[in-house]
Amino acid sequence: MKATLLSLAVLCVLGVQADVEVEPNFDIAKFAGKWHVPALASNDPMLQGLKDVMKTPAARINLLPNGNVELETYYLLGEKCELMKSTLMKMEQPGHFKEADENNKKEIWVLATDNASFAIIYIQREGKDMPPSKSLQLYSRVPNPGENLATFKKHCEKMGLLGELVVPPLSDRCFKEISG
Ligand SMILES: *[C@@H]1O[C@H](CO)[C@@H](O)[C@H](O)[C@H]1NC(C)=O
């Protein structure tokens, strides 16, 4: 009886602390490089404020030594690509990364990818002067995500972010800018 209660308690604790599920056998080399971001969903007030003015963002994953990555996201606002950059340390679970900055806690998980056409990333952020937020982004190698958009929507639903889904007007401007 005691043992049963104990294992129940352990299960409860594990349940609460369970890791976010990432793509099995995550291959970082296939995640690197340039991506279009044709769809996103976030409860971050800053991003929500931008959703009516933004066009397709672009992202670039640069591999660093030790398996860490540099994440660049370019938000197209008006005619300008605004860069947000962070350096992410790899965590024990492949596909899970954490920002080193103490004032701006940011964690990223690659929830799903086919190693080729798309990746779905989940971002949790917590800053000193902002409420915690969660976001999902669809990374696509081509401007039009096709059927991968349906997969992305399923993940939005699972994370409670379907109501925040944004599919900005298509533009490859930032993608071209980081290519040139
Ligand atoms: C991605 O590539 C790795 C090996 O590089 C492989 O083990 C894994 O199954 C691949 N994932 C998919 C979804 O194809």
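The values are calculated or read from the model by the stated rules, or taken from the named source; none is laboratory data. What you are looking at is a predicted structure, and each value in this text was computed from that prediction instead of being measured. Quick reminder, even Gly has a Cβ in these numbers, built from the backbone with ideal geometry, and neighbours come from all protein chains shown. Calculation scope for accessible area: heavy atoms of the full protein, side chains included, ligands and nucleic acids excluded. Shrake-Rupley method; radii C 1.70, N 1.55, O 1.52, S 1.80 Å.
How about the stretch 156-180: which of its residues are open to solvent by less than 30 Å² (accessible area, probe 1.4 Å) and aliphatic (A, V, I, L, M)? The answer is Leu161, Val166, Ile178. For Gln93, the conditions (1) surrounded by 13 or more Cβ atoms within 10 Å (Cβ to Cβ); (2) touching a residue at least 12 places away in the same chain (Cβ under 8 Å); (3) assigned to a strand (DSSP E or B) all hold with the exception of (3). Is it the case that Glu82 is of a type in the set (Asp, Glu) and closer than 18 Å to Ala39 by Cα? In short, yes.
Scan the stretch 147-155 and tell me whether some residue there is in a strand (DSSP E or B), modelled with pLDDT of 95 or more, open to solvent by less than 70 Å² (accessible area, probe 1.4 Å) and of a type outside the set (Asp, Glu). Give the steps one after another, and end with the answer.
To start, the set of residues in the stretch 147-155 that are in a strand (DSSP E or B) comprises none.
The answer is no, given that none of the residues of the stretch 147-155 is in a strand (DSSP E or B), modelled with pLDDT of 95 or more, open to solvent by less than 70 Å² (accessible area, probe 1.4 Å) and of a type outside the set (Asp, Glu).
Can you spot a residue in the stretch 122-137 that is more than 20 Å from Pro45 (Cβ to Cβ) and assigned to a strand (DSSP E or B)? No, the stretch 122-137 has no match at all.
With the requirement that a residue be assigned to a loop (DSSP other than H, G, I, E, B) and either under 24 Å from Glu126 (Cβ atoms) or in contact (Cβ under 8 Å) with a residue 60 or more places away in the chain (or both), what does the stretch 26-75 give you?
Our first condition is that a residue be assigned to a loop (DSSP other than H, G, I, E, B); within the stretch 26-75, this holds for 26-27, 32, 43-44, 51-53, 64, 68.
The answer is Phe26, Asp27, Asn43, Asp44, Lys51, Leu64, Asn68.
Of all residues in the stretch 99-125, those satisfying the criterion of being under 17 Å from Gly67 (Cβ atoms), out of contact with any Lys or Arg (no Cβ under 7 Å at 6 or more places or on another chain) and not aromatic (Phe, Trp, Tyr) are Ala100, Ile108, Val110, Thr113, Ala119, Ile121. Remark: pairs (first residue in the stretch 114-138, within 16 Å of the ligand (Cβ to nearest atom); second residue outside any strand (DSSP E or B) and among the acidic types (Asp, Glu); Cβ separation under 7 Å; 6+ apart in sequence or on different chains) = Asn115/Asp27.
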